[in-house]
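All remarks here apply to the structure that follows.
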């Protein structure tokens, strides 16, 4: 089963129930993911809360047309060499300090 390039272990629900706390520790410490099956069919995925939040943020960003259009425009500008439209991380931090106080 594909997970965007990251291998996921497939485990039975019975095993997951018996080893649940150990599995939670693994997803938290090592960012592992598990596909949990019932009668051989995938039924659930166990992943860290941080990774789940990241997926939600990504899906939210991808659902916003204006945001995606701005990202595509920035990619075009970057590839075309119009790098004057961009600032460094150092410049961004400086600008944020000035604007925030």
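What follows draws every value from the coordinates through simple rules; no lab data is involved. Source: prediction; values computed, not measured. Ideal geometry is used to build each Cβ from the backbone, glycine not excepted, and the neighbour counts take in all protein chains shown.
Using a basic spin-label model with each label point 7 Å from the Cα along Cα→Cβ, how many nm lie between residue 24 and residue 97?
Spacing of the two 7 Å Cα→Cβ label points: 4.1 nm.
Suppose we keep just the DSSP beta bridges with both residues in the chain; what percent of those would be antiparallel, to 5?
Of those bridges, close to 55 percent are antiparallel.
Using a Gaussian network model of the chain with C-alpha springs under 10 Å, which one of 36, 71, 87 is most mobile by mean-square fluctuation?
Judging by the Gaussian network model, the answer is 87.
Return P(r) of the range 9-48 (all Cα-Cα pairs; 10 Å bins starting at 0; whole %; ordered from short to long distances).
Histogram of Cα-Cα distances, whole percents per bin: 35, 56, 9.
Pick from 53, 73, 26: which is most flexible by mean-square fluctuation in a GNM of the chain where alpha carbon atoms under 10 Å apart are linked?
73
Go ahead and estimate [θ] at 222 nm for the chain from helices alone: -39,500 (n - 2.57) per DSSP H run with n ≥ 4, summed, over the residue count, rounded to 500.
Helix-only estimate at 222 nm: -18000 deg cm²/dmol.
Based only on Cα atoms, what mean projected area does the convex hull of the chain have, in nm²?
Taking a quarter of the hull surface, the average projection is 10.3 nm².
Helix 49-63 sits at what angle to the longest principal axis of the chain, using alpha carbons and giving 0 to 90 degrees rounded to 10?
50 degrees
What residue among 86, 34, 20 has the largest mean-square fluctuation in a Gaussian network model of the chain, using Cα springs under 10 Å?
Maximum among the listed residues: 86.
Angle, helix 20-30 long axis vs. longest principal axis of the chain, Cα atoms, 0 to 90°, nearest 10?
Approximately 30 degrees, to the nearest ten.
Which stretch or stretches of the range 45-63 have amide N atoms under 20 Å from the point lying 7 Å from residue 78's Cα along the Cα→Cβ direction?
Answer for the range 45-63: 55, 57-63.
Give the whole-number value, in cubic angstrom per residue, of the convex hull volume spanned by the C-alpha atoms of the range 53-101.
Spread over its residues, the Cα hull of the range 53-101 gives 117 Å³ apiece.
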